[in-house]
Amino acid sequence: MKVDGKQLFDLARREGGFSIRHDGSVPTECFAVSQVGYEMAVKFNEFSSIPTLIEIYADMYDRQIRTGDRLLGGWIDKGTNTFYLDVSDVVNSLRLALQLGRERGQIAVFGLGDGELYYCDPPDDYKEIFGI
């Protein structure tokens, strides 16, 4: 998967993150659930060339990203100065996304339409509101 690492890292710094399909399209619906074994976290001070890292990661996991409806995702945790990359499955239902997230040991899944995190083990009032 050929990507422009600088452009994606700039987007992550400006918007907080990115999610793109192998064809470069940006999903605007559904939910992203990270796949186990394809996550990467890098402290900014440990790897100064994040754009290059994005390009290497996209090439390395090209086949995985192209299989099914999957995404290359990246985001920044400014509190810990950490950049994350992953390969995620696109799922249509919040209920299914949370179920897969729990099965995969994820903390949360990402709402592609609203940019919200949905926690896999939410508090009880959250469960009542969303019927999950």
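Values computed for the structure shown
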quantity: Yes/no for G73 being surrounded by 20 or more Cβ atoms within 10 Å (Cβ to Cβ) and not hydrophobic (A, V, I, L, M, F, W, C); calculated: yes
quantity: Members of the range 62-106 found to be more than 20 Å from T28 (Cα to Cα) and touching a Phe, Trp or Tyr at 6+ places or on another chain (Cβ under 6 Å), listed by number; calculated: N81, Y84
quantity: Inter-residue pairs, beta-carbon under 8 Å, first assigned to a helix (DSSP H, G or I) and surrounded by fewer than 13 Cβ atoms within 10 Å (Cβ to Cβ) and in the range 44-65, second modelled with pLDDT under 90 and of a type outside the set (A, V, I, L, M), 6+ apart; calculated: D59/K2
quantity: Among (1) touching a Ser or Thr at 6+ places or on another chain (Cβ under 7 Å); (2) modelled with pLDDT under 90; (3) small (G, A, S), the one test that S88 misses; calculated: (2)
quantity: Residue pairs meeting the criteria (Cβ under 9 Å; at least 6 apart or on separate chains; first free of Cβ contacts under 8 Å to residues at least 60 places away in the same chain, in the range 25-38; second assigned to a loop (DSSP other than H, G, I, E, B)); calculated: V26/L112; Y38/Y61
quantity: All positions within the range 2-35 that are buried (at least 16 other Cβ atoms within 10 Å of the Cβ), of a type in the set (G, A, S) and out of contact with any Ser or Thr (no Cβ under 9 Å at 6 or more places or on another chain); calculated: A12, G17
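The values are calculated or read from the model by the stated rules, or taken from the named source; none is laboratory data. Just so it is clear, the structure is predicted and the values come from calculations on it, not from any experiment. Here Cβ is always computed from backbone atoms with ideal geometry, including for glycine, and neighbour counts include all displayed protein chains.
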